[in-house]
1. Within region 187-204, is there a residue that is crowded, with 20+ Cβ neighbours inside 10 Å and in contact with a strand residue (DSSP E or B) (Cβ under 6 Å, 6 or more places away or on another chain)?
2. Looking at this structure, is residue 196 over 17 Å from the mean Cα position of the chain (by Cα) and either in a strand (DSSP E or B) or at pLDDT 85 or above (or both)?
3. In region 140-156, which residue that is surrounded by fewer than 19 Cβ atoms within 10 Å (Cβ to Cβ) and closer than 15 Å to residue 211 by Cβ is nearest to the chain's Cα centre (by Cα)?
4. Which residue out of 185, 222 is without any contact (Cβ under 8 Å) to a residue 60 or more places away in the chain, over 22 Å from residue 127 (Cα atoms) and touching a helix residue (DSSP H, G or I) at 6+ places or on another chain (Cβ under 6 Å)?
5. Are any residues in region 26-65 in contact with a strand residue (DSSP E or B) (Cβ under 7 Å, 6 or more places away or on another chain) and free of Cβ contacts under 8 Å to residues at least 12 places away in the same chain, and if so, which ones?
6. Could you count how many residues in region 87-110 are on the phi > 0 side of the Ramachandran plot and either crowded, with 17+ Cβ neighbours inside 10 Å or more than 17 Å from the chain's Cα centre (by Cα) (or both)?
7. State all residues of region 27-66 that are more than 16 Å from the ligand (Cβ to nearest atom), farther than 30 Å from residue 78 by Cβ and surrounded by 10 or more Cβ atoms within 10 Å (Cβ to Cβ); if no residue qualifies, say none.
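The values are calculated or read from the model by the stated rules, or taken from the named source; none is laboratory data. It should be emphasised that the depicted structure is a prediction, and the values quoted were computed from it without experimental measurement. Quick reminder, even Gly has a Cβ in these numbers, built from the backbone with ideal geometry, and neighbours come from all protein chains shown.
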Ligand SMILES: [Zn+2]
């Protein structure tokens, strides 16, 4: 091991020693400041690097799984930890998948993706796969079924609740990627609409990446919200923000995307008839 090319170091700069790890024999050289290096043999050095890499991989995987376990996704889904490549998508699903990829690469030019389509066509699954990819890249992700929002907030009023209503809303406003699942299926009371508005408005202002799935068309969503919220102004502003911020895609239908975009452009919330006092 003693270098025969070295002409600057004298023989006294070299010594036999023991590897700190395995105790095997090593050749050490004295460096500036009086340090004798290396302290471990070549074999152990390689093992240490491998061990370190493995620990890093395990640490990253642990953090990734923690992100998924806090995401609100069902356990059986995040256990698979599947990304957008994991399924054999139909051509139509594949076009949504491609939109979600462009969304992930920040290429859509809009912070929201709204996927419209009937139940059971894979809207939520596609979104969860996208969320899994975001989590793998180190982002926190959250899924909230719109029909559960009212209940979740009401639960926060209980004395033993860990989170206040404000904290729940704030978390949904701030999480790096949010999925609002089944929007339009909630019982649209003023209470729920206001909560949804607080979340969507907060994300709209920050242009925060948001996925929305719905069985309703934008028009139906608007009608529902205006009718049942009892607050036309809030409902109107909610829909305006959604249309302005969303890349709209239709799953399971012919070329509905254009129709949706046109519908969105033309959309005006109709005035609500108010009864005379
Ligand atoms: Zn060793």
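1. yes
2. Numbers: over 17 Å from the mean Cα position of the chain (by Cα): yes; either in a strand (DSSP E or B) or at pLDDT 85 or above (or both): yes.
When the stated conditions are applied, residue 196 passes them.
3. Of everything passing the filter in region 140-156, 140 is nearest to the chain's Cα centre (by Cα).
4. Numbers: 185 fails: over 22 Å from residue 127 (Cα atoms).
Unique residue meeting the criteria: 222.
5. Listed by number, the residues that qualify are 31, 37.
6. Our first condition is that a residue be on the phi > 0 side of the Ramachandran plot; within region 87-110, this holds for 106, 109.
Narrowing further to those that are either crowded, with 17+ Cβ neighbours inside 10 Å or more than 17 Å from the chain's Cα centre (by Cα) (or both): 109.
So the answer is 1.
7. First pass over region 27-66, keeping only residues more than 16 Å from the ligand (Cβ to nearest atom): 29-35, 53-66.
Retained after the next criterion (residues that are farther than 30 Å from residue 78 by Cβ): 29-35.
29, 30, 31, 35 - these are the residues of region 27-66 that are more than 16 Å from the ligand (Cβ to nearest atom), farther than 30 Å from residue 78 by Cβ and surrounded by 10 or more Cβ atoms within 10 Å (Cβ to Cβ).
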